[in-house]
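The values are calculated or read from the model by the stated rules, or taken from the named source; none is laboratory data. Remember, predicted model here, so these are calculated numbers, not experimental data. Backbone-built Cβ (ideal geometry, glycine too); neighbour counts: all protein chains shown.
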């Protein structure tokens, strides 16, 4: 799941050229290559699996041991909202 990010993907192009940077938007704004973005991904992707070789070079802000599991995050979210 890629929330808030839109891009066009062409699987027929060579690896590293399948996404045109000019077409990437984040929260409906063009991506700013001078800006640092935070990203939440699994350990699997962060460790470079599935061909994601960029992530192991990135700074890890919070490792898997310090993050709450997904069900706890969902429970906490529903505790904070008011349902009418």
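Annotations
- Single condition residue 48 does not satisfy, out of (1) at pLDDT below 85; (2) surrounded by 10 or more Cβ atoms within 10 Å (Cβ to Cβ); (3) on the phi > 0 side of the Ramachandran plot: (1)
- Within segment 2-20, being closer than 14 Å to residue 51 by Cβ, touching a strand residue (DSSP E or B) at 6+ places or on another chain (Cβ under 7 Å) and touching a residue at least 12 places away in the same chain (Cβ under 8 Å) holds for one residue alone: 19.
- Residues in segment 19-32 that are at pLDDT 90 or above and in a loop (DSSP other than H, G, I, E, B): 24, 27, 28, 31, 32.
- Segment 64-84, subset farther than 20 Å from residue 41 by Cα and not in a helix (DSSP H, G or I), residue modelled with the lowest pLDDT: 84
- Of all the residues in segment 53-63, those that are exposed (fewer than 11 other Cβ atoms within 10 Å of the Cβ) and outside any loop (DSSP other than H, G, I, E, B) number 1.
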